[in-house]
1. Along the charge dipole of the chain, pointing to its positive end and built from +1/-1 on Cβ of Lys, Arg, Asp and Glu, which listed residue (115, 512, 90) has its Cα farthest out?
2. Rolling a 1.4 angstrom probe over the protein heavy atoms, how many square angstrom per residue are accessible across the chain?
3. Return one quarter of the surface area of the convex hull spanned by the alpha-carbon atoms of the stretch 400-510, equal to its mean projected area, in nm².
4. Over the stretch 364-413, what lengths in whole Å, largest first, do the semi-axes of the equivalent ellipsoid take, defined as the square roots of 5 times the eigenvalues of the alpha-carbon gyration tensor?
5. Compute, for the stretch 235-364, the length of the dipole vector about the Cα centre, with Cβ point charges of +1 (Lys, Arg) and -1 (Asp, Glu) only. Units Debye, rounded to 20.
6. What is the set of long-range amide H partners of residue 658 at a cut-off below 5 Å, with H atoms built 1.01 Å from backbone N?
7. What does the charge add up to near residue 528, with Lys and Arg as +1, Asp and Glu as -1, over the other residues with Cβ less than 14 Å from its Cβ?
8. Work out the charge dipole of the chain with +1 on the Cβ of Lys and Arg and -1 on the Cβ of Asp and Glu about the Cα centre, then indicate which of 260, 318, 105 is farthest towards its positive end.
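The values are calculated or read from the model by the stated rules, or taken from the named source; none is laboratory data. Quantities reported herein were computed from a predicted structural model and do not represent experimental measurements. Backbone-built Cβ (ideal geometry, glycine too); neighbour counts: all protein chains shown. Areas reflect the complete protein model, heavy atoms only, side chains present, ligands, DNA and RNA absent. Shrake-Rupley method; radii C 1.70, N 1.55, O 1.52, S 1.80 Å.
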Amino acid sequence: MPTTFRSDLAMRLTLTLAAATAALVLPNAGSAQQTAPFPTSPPPAAPVKPATFPPFQEAVLANGVRVVLVERHDQPVLSLSLAFPAGESYAPAGKEGLANMTAALLTKGAGTRSAEEIASAIEGVGGTLEASAGLDFLTVETDVLSGDAPLAFALLGDVVARPTFPEKEVELQRTQTLSALQLDLSAPSRIAQRTFRRVLYGQSPYARSATPASVRGLTRADLVQFQATRLRPTGALLVVAGDITMARVKQLAADAFKGWTGPAAARLTLPAPPARTATQIVLVNRPASVQANILAGNATWSAADPRFYAATVANKVLGGGADARLFDVLREKHGWTYGAYSNLARNRGIGYFQASTEVRTEVADSALVELLAQLKRIGAEPVPATELDAAKNALVGSFPLTIETAGQVASQVSTMKLLGLPPDYLRTYRTRLAAVTAAQAAAAAKSTIRPAQALVVVVGDGAKLYPKLKGIAPVTLVSVDGTPMSPADLEVKTGALDLDLSKLVARTDSFAVMVQGNPLGFTRTALEKTPGGYRYTDQTQIASLVQQSTTLAFSDRVEMQSLTQTGKVQGQDTKVDVAYAGGHAKGSATIPSPQGAKTTAVDATLPAGAIDDNAVQALVPAMKWAPGAKFALTIFSASKNAVRPATLTVTGTDKVTVPAGTFDAYRAELAGADQPITMYVTATAPYRVVKIAVAGSPLEIVLVK
């Protein structure tokens, strides 16, 4: 085809299309003045419609299990959720952590399958199988393709009715739980939450949390008894969502639950939380913290309370995201924090409201005053229409995202049934939120959010925070583990460690650095006698991540003299050079940071008896070890230019096997460091460190020779 012809054809087509378009837009082409104006605003939103669910089918199996089926055949997937009234609130006092340990071990051996065989079976079909425990309920969930429904039901039946609790899995889970607990007790946000629940709920089981002592005391017999008495078919709720019929559910469940019978377990009667008539501050002393974690809140109501909808909208306005008031005022306006939020917790018993933020120590009092003011404001005045509409639209619009999958549907239906919510709760959730008025939101906020009777928990450096906070409200001082303290306890105690210096002799130790059982590096330590004192050296290398050389000198009376430390951490140079004299530390420290290595001055006055943090391991042989021994340490960290108290506490004895041999060892927990550390020290002299474990980390340091 000639080029000219193609061009003419294209022009004719273009003109024809343009004319057709003009005819559509301009019905009366002869009058340009009749052109329809382009819309300048969006059309009004359509009314919010109830969520659409297939009808819930319900049945009770012969053994008493309640079944709820949400039948959906749009995708070949299936989700099962089997729940029991067997959460942590049902664990006897002194056995906190029992429900969580039980849940974790259900899938670690059941029926004729081992932990590895269970994992292989479910992973082999691309499915999942998980068990967990909250305050009220223990839940086992599995997701599979609908063609694998027989396997899902069979595994579910085995893990809840026929768990085997192998001894080796019990001990492995205990170790993992203790490690996670150590991390909990070192993380300010976790400490704050544990303290908040303990004080808020008083004598209620909701107040209790697992402790290292309670977890160590759990036995296999405890787990077996808890499963047998709490995981009963009568009272259990099985929610099934996905591509299956009720007839098929009953058939598969009858096979899976064969032989599993028993009456319903007793339900708890939960006492009411303590009444609070004024704002109370609980200050958890965490020495040397540079930030303060703040929680403020109060008990609310039971899960089915009709105020829930209006209170949810009010909470969204107050602290439900990065567009809410707390975030805007505390972060955007004042620059005190990276974030500030609030939430409503719903339990089978009484729930709670809580607002939270983390700020610099220097502005903790100002931030708390502003936070309490915002809590008061949300219930004192109607929410402006723009804020109200934005909050409602966000809540209404996001709800469909929580019921997209079969697993999400099963979870939502299970929650609705377990908490005793109305049958139409999920269907009408969006419409009820959309109907909340400004007056209703304010009224619900006023009765739900009560700053004048708030419990405030602050975790941080008590010595710096106590003078600031006591002008806001009465302050109760406690340690991280909840032990009551007095203001006098905030002073760093002076005085040297009680040591047997005759045990401090020259020695050399070699350790391997292990990560998940694999060698990743080494550390070598040596203590040498010098004229008038000692020299302690430490050479450490962890793959290419850490290379560090440390030399610490101290006198015969364990008075620090000098510290020199050089090396690299993830490619950044580190160097600490400090001289100790006359109760003073002076020098410089170059330490890694996200912006590159930073050099800061070290200049601090030290209380009597303070030791460099590198001296702790060096002095282990001279400490007076015994069951239950507790060593109070005053530690100076040159890299932080800070003094802080720490404790090294013997919490038990273990038989420890390391490359150097098998030893009877004291288990001693070091609290007060950046991360909790567990040290294992031989139970007989000469006292040697045979293993060091870092909480929340797969890293271990084990004695080689």
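1. Farthest towards the positive pole: 90.
2. Numbers: 32620 Å² over 705 residues.
That works out to 46 Å² for each residue.
3. Orientation-averaged projected area of the Cα hull: 17.2 nm².
4. Each semi-axis is the square root of five times an eigenvalue, giving 33, 17, 8 Å.
5. Once rounded to the nearest 20, the dipole reads 340 debye.
6. 663
7. Numbers: positive: 507, 524, 529, 535; negative: 509, 538, 556.
The answer is +1.
8. 318
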